[in-house]
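Engineer: Please see the structure below; I have some questions.
Bear in mind these aren't lab numbers, they're just calculated from the coordinates by the rules spelled out. Fair warning: this is a prediction, and the values are worked out from it, not measured in the lab. Because the Cβ atoms are built from the backbone with ideal geometry, glycine has one as well, and the counts that use them run over all protein chains shown.
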Amino acid sequence: MTEQPQPPPSVRVTENGPYEVTGDIPLSRQRIVPDTEGNSVGWQETRTYDTPDGHYALCRCGRSANKPFCDGTHTTIGFDGTEGPLARVPYLQQAGEEDGPDVILTDAQPLCAFARFCDVDGSVWRQIDEPGKGEAVIRESGYCPSGRLIAWDRESRTPIEPDLPPSIGVVEDPQQNVAGPLWVRGNIPVTAPDGTPYETRNRVTLCRCGASRNKPFCDGSHAATGFRD
């Protein structure tokens, strides 16, 4: 039997239900790595998931007994996945801009997923104003899973984005002892329940604790609620 070709990678947000993933997108657990002082300094892949048919559903109510996969619990708890008011606002319309001597930094605070890479060495907002700190700004903003922070080349005014192949990471945050969002990487299209595409970006974080006020995107609520797998 001839194998059917896989559809292109995509994530569809279902109404009050899970994220429907198609296109054989690799799924793994990604742990925030702290340094000896507790600062977030890198990422570590801790496991990969077997998704044999390339199509799977990921929990977004936060209550599945089979996380990160959906087990239908959203139907029994009456999960409300209503879209947040900023969900369809393009990134640059949400972002402020800091014009530093080495690079430009844009910052869309509502997208913060509380990964804290921006806090290293006195914070990226201080570094952006210091000559010679451009590489640090690029590194720290590139680690930001939600893409809240983006460094831009001063001359071409083009974004300096990390090279991220299409994949989804289930974030672990051992320093805060919480489970984090879904880290959707590599320009994977995400579509609303009504079929409207959200802005396609190199990296976004989708809420999986069920508590974000910016659904389907993460707003850091998992840290406040102590969400765990």
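Engineer: Send over the per residue convex hull volume for the chain, Cα only, as a whole number of Å³. All intermediate terms of the calculation are to be shown ahead of the outcome.
Structural biologist: On the way: hull volume 30.4 nm³, N = 229.
Cα convex hull per residue, to the nearest whole number: 133 Å³.
Engineer: Ok, one more. Can you run the Rg to Rh ratio on segment 91-160? Use alpha carbon positions and the Kirkwood inverse-distance Rh. All intermediate terms of the calculation are to be shown ahead of the outcome.
Structural biologist: Numbers: Rg = 10.8 Å, Rh = 11.7 Å.
Reported Rg/Rh (Cα atoms, Kirkwood Rh): 0.92.
Engineer: Here's another thing I want to ask about it. Sort 39-52, 205-218, 170-183, 147-160 by packing, meaning the average of other beta carbons within 10 Å per residue, with the highest value first. Please list the in-between numbers first.
Structural biologist: Values: 39-52: 13.0, 205-218: 23.4, 170-183: 20.9, 147-160: 16.9.
Taking the mean over residues of other Cβ atoms within 10 Å, the ranking is 205-218, 170-183, 147-160, 39-52.
Engineer: Let me ask something additional. Hey, got the Cα dimensions of segment 65-182 along the principal axes, in Å, largest first?
Structural biologist: Projected onto its principal axes, the Cα set of segment 65-182 covers 55, 31, 26 Å.
Engineer: Continuing with the same structure: Taking the Cα centre of segment 91-160 as origin, sum charge times position over the Cβ atoms of Lys and Arg (+1) and Asp and Glu (-1), and report the length of that vector in debye to the nearest 20. Could the numbers behind the result be given before it?
Structural biologist: Working: 7 positive and 13 negative charges, 53 e Å.
For this selection, approximately 260 debye.
Engineer: In addition: I'd like the distance separating the alpha-carbon centroids of segment 156-214 and segment 85-114, in whole Å.
Structural biologist: 15
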